[in-house]
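The values are calculated or read from the model by the stated rules, or taken from the named source; none is laboratory data. Remember, predicted model here, so these are calculated numbers, not experimental data. Cβ: placed from backbone, ideal geometry, glycine included. Neighbour counts: every protein chain shown.
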């Protein structure tokens, strides 16, 4: 490779990492993360602690939530120690691709754009994207009713993408994580949201005088474990773990305990 081509490759790789794309021609395809995890005796799982009820902290400031409990199931099934790597919605993919984490379990909805750069296991849960509003949005029944209306969502999330596509007339206000969105809705900074039923439930626990009600279902998404492309052995093992824990009911119990919503008997394909 001549000097010009070498410099071009380095620049492309650096740019790819910055914007969250895989480094083409790199070592991802040859990676065996499962072997690395087993040799290390530890799995590093990226989680979002600003996304209740999937990831959050309890009164003792310890990580909790359905994704945290599901991550513990994975580590236990692999027979290794669990190390949680805290991320936010926008940096889930970069944390994975730069090697900060082995896998991502952060209410990670599967979509076509993400599948271009990373891989996903089978689904272990589902999350709906809904529009919910308080009394100020009592007459909202369709997307056109939100033209010119301020709608809160979480920046860089699937909710954000769906709201952008299906609510073109709305004034989207993007918050950096779900916890900040919840605070904005509770404090009345914004009265309409494009997010999940679980976020609506979290808001209503604190917004008792004017609770949000579901107005529009934009989409139902499966969520799954995110991993790097080429990690086929790890993907196969994780799919075994998911299948076993769906069959024995452990994943369903965790999901229902934290979200208050039953897990469907059959999950959508990823």
Expected single match for in contact with a helix residue (DSSP H, G or I) (Cβ under 8 Å, 6 or more places away or on another chain), outside the structural domain of residue 145 (by TED's automatic domain parsing) and over 25 Å from residue 50 (Cβ atoms) among 238, 234 is 234
Being under 21 Å from residue 53 (Cβ atoms) and in contact with a helix residue (DSSP H, G or I) (Cβ under 6 Å, 6 or more places away or on another chain) narrows 264, 268, 211 down to just 211
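One line per residue, one yes/no per condition, for (1) part of a loop (DSSP other than H, G, I, E, B); (2) touching a residue at least 24 places away in the same chain (Cβ under 8 Å); (3) crowded, with 19+ Cβ neighbours inside 10 Å:
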position	(1), (2), (3)
208	yes, no, no
214	no, yes, no
233	no, yes, no
255	no, yes, yes
265	yes, no, no
Considering segment 189-205, residues that are in a loop (DSSP other than H, G, I, E, B) and at pLDDT below 95, and then whichever is nearest to residue 139 (Cα to Cα), we arrive at 196
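Is it true that some residue in segment 54-67 is in a helix (DSSP H, G or I), surrounded by fewer than 22 Cβ atoms within 10 Å (Cβ to Cβ), touching a helix residue (DSSP H, G or I) at 6+ places or on another chain (Cβ under 7 Å) and modelled with pLDDT of 95 or more? Spell out the reasoning first.
Taking segment 54-67 as the starting set, the residues that turn out to be in a helix (DSSP H, G or I) are 66-67.
Still in the running and surrounded by fewer than 22 Cβ atoms within 10 Å (Cβ to Cβ): none.
No, the conditions are met nowhere in segment 54-67.
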Out of all the residues in segment 24-34, is one or more touching a strand residue (DSSP E or B) at 6+ places or on another chain (Cβ under 8 Å), under 24 Å from residue 255 (Cα atoms) and modelled with pLDDT of 95 or more? no
Residue hits (segment 145-176; surrounded by fewer than 21 Cβ atoms within 10 Å (Cβ to Cβ), in contact with a strand residue (DSSP E or B) (Cβ under 7 Å, 6 or more places away or on another chain) and in a loop (DSSP other than H, G, I, E, B)) are 148, 149, 155
Check: Hey, any hits in segment 157-175 for a residue that's within 19 Å of residue 67 (Cβ to Cβ) and touching a helix residue (DSSP H, G or I) at 6+ places or on another chain (Cβ under 6 Å)?
Finding: yes
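Do we have residue 219 as within 18 Å of the chain's Cα centre (by Cα) and outside any strand (DSSP E or B) here?
Working: within 18 Å of the chain's Cα centre (by Cα): yes; outside any strand (DSSP E or B): no.
Here the answer is no, as residue 219 does not meet what is asked.
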